[in-house]
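A quick write-up on the structure given underneath.
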Amino acid sequence: MNKNINIIIFLVVVAIIIVFVFAYCGRIGRDTRTEIIEEAKEEPAQEKAIQGSKESPRPPMLFITVGVVQWKILNAEDLGNTLEPVDDYHDIKTTNGRFIKVRFQVKNKGSEMVTLTSLKLFDDKDREFTDYSETSGYIEDEEELFLLDNINPGMEETYTLIYEVPKDANNLMLEVTSLEFTGDKEYISLDFDYFK
């Protein structure tokens, strides 16, 4: 009889040990899952780049409206290191970088006049380029943007700008704005392949 009691006690102890082992393993599993969930909550959600930003510029084929100003790139060309004149009075210009030619349309959809000045060009290194200063004779007169042009309400104009950029300037994008001093900005990709 003592033998039977010893066996029963032994089985009860083994059963208790098994219950504790399973309970402990289950708790570890729960704790691990809880930790993973808590870590996921703490990690900031990766924000998607806003379309029209430098990180995610808009494609060139769209009309882009910023404030009351509507923009569209009509053509973008990488001219290489040579800039040829549009008349017989100017010489061919060369650069140790590249010339980029951008033709675009701008429309004033507002009720007041807006003033257009030069547009900035950016690359994927966040370098900023302004238009080439010696473009007289290299752009058709009717599309040349002088220091500034006023655009009346409801009017649409077409301009061409030329930029001089280094050879390693990649993923170029044009900055377009609402034409207000502290207005909104958007960026349009100059996808040269799109215009071929």
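The values are calculated or read from the model by the stated rules, or taken from the named source; none is laboratory data. Owing to the predicted nature of the structure, the values given are computational and were not obtained by experimental measurement. Neighbour counts run over all protein chains shown; Cβ positions are idealised from the backbone, glycine included.
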Test result for Ile162, under 19 Å from Ile64 (Cβ atoms), in a strand (DSSP E or B) and hydrophobic (A, V, I, L, M, F, W, C):
no
In region 67-117, what residues are in contact with a Gly (Cβ under 8 Å, 6 or more places away or on another chain) and not basic (Lys, Arg)?
Gly67, Val68, Val69, Asn81, Pro85, Val86, Asp87, Tyr89, His90, Phe99, Asn108, Gly110
Could you pull out the residue among Val12, Val106 that is in the same structural domain as Val165 (by TED's automatic domain parsing) and either at pLDDT 70 or above or surrounded by 12 or more Cβ atoms within 10 Å (Cβ to Cβ) (or both)?
Val106
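Which of the following residues is of a type in the set (Ser, Thr, Tyr) and either without any contact (Cβ under 8 Å) to a residue 60 or more places away in the chain or not assigned by TED's automatic domain parsing to the domain that holds Gly183 (or both): Tyr163, Tyr159? Give the derivation first.
Working: Tyr163 fails: either without any contact (Cβ under 8 Å) to a residue 60 or more places away in the chain or not assigned by TED's automatic domain parsing to the domain that holds Gly183 (or both).
Being of a type in the set (Ser, Thr, Tyr) and either without any contact (Cβ under 8 Å) to a residue 60 or more places away in the chain or not assigned by TED's automatic domain parsing to the domain that holds Gly183 (or both) holds for just one of Tyr163, Tyr159, which is Tyr159.
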Under 7 Å between Cβ atoms, at least 6 apart or on separate chains: pull out the pairs that start in region 84-96 with a residue that is in the same structural domain as Tyr163 (by TED's automatic domain parsing) and surrounded by 10 or more Cβ atoms within 10 Å (Cβ to Cβ) and end on any residue that is among the aliphatic types (A, V, I, L, M) and not in a loop (DSSP other than H, G, I, E, B).
Val86/Ile139; Lys93/Leu83
Name the one entry in Ser136, Ser118 that is under 19 Å from Val68 (Cα atoms) and in contact with a strand residue (DSSP E or B) (Cβ under 8 Å, 6 or more places away or on another chain).
Ser118
Every residue in region 90-140 that is more than 26 Å from Phe63 (Cβ to Cβ) and assigned to a strand (DSSP E or B), please.
Lys93, Thr94, Thr95, Asn96, Gly97, Arg98, Phe99, Ser136
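Consider region 154-175. How many of its residues are within 13 Å of Asn108 (Cα to Cα) and of a type in the set (A, V, I, L, M)? Lay out the reasoning, then the answer.
Going through region 154-175, the residues within 13 Å of Asn108 (Cα to Cα) turn out to be 154-158.
From the residues that got through so far, the ones that are of a type in the set (A, V, I, L, M) too are 155.
Qualifying residue count, region 154-175: 1.
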Can we say Glu142 is without any contact (Cβ under 8 Å) to a residue 24 or more places away in the chain and among the acidic types (Asp, Glu)?
yes
Identify, please: which residue in region 170-186 is touching a Lys or Arg at 6+ places or on another chain (Cβ under 7 Å) and surrounded by fewer than 21 Cβ atoms within 10 Å (Cβ to Cβ) and is, among those, nearest to Val102 (Cα to Cα)?
Glu175
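Picking from Leu116, Leu147, which residue would you name as being assigned by TED's automatic domain parsing to the domain that holds Asp191 and in contact (Cβ under 8 Å) with a residue 40 or more places away in the chain? Let's see the steps before the verdict.
Details: Leu147 fails: in contact (Cβ under 8 Å) with a residue 40 or more places away in the chain.
Going through Leu116, Leu147 in turn, just one is assigned by TED's automatic domain parsing to the domain that holds Asp191 and in contact (Cβ under 8 Å) with a residue 40 or more places away in the chain: Leu116.
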In contact with a Phe, Trp or Tyr (Cβ under 7 Å, 6 or more places away or on another chain), β-branched (Val, Ile, Thr) and in contact (Cβ under 8 Å) with a residue 60 or more places away in the chain: is that true of Val176 in this structure?
yes
Failed item, numbered, when Asp193 is tested on (1) touching a Phe, Trp or Tyr at 6+ places or on another chain (Cβ under 7 Å); (2) more than 14 Å from Ser118 (Cα to Cα):
(1)
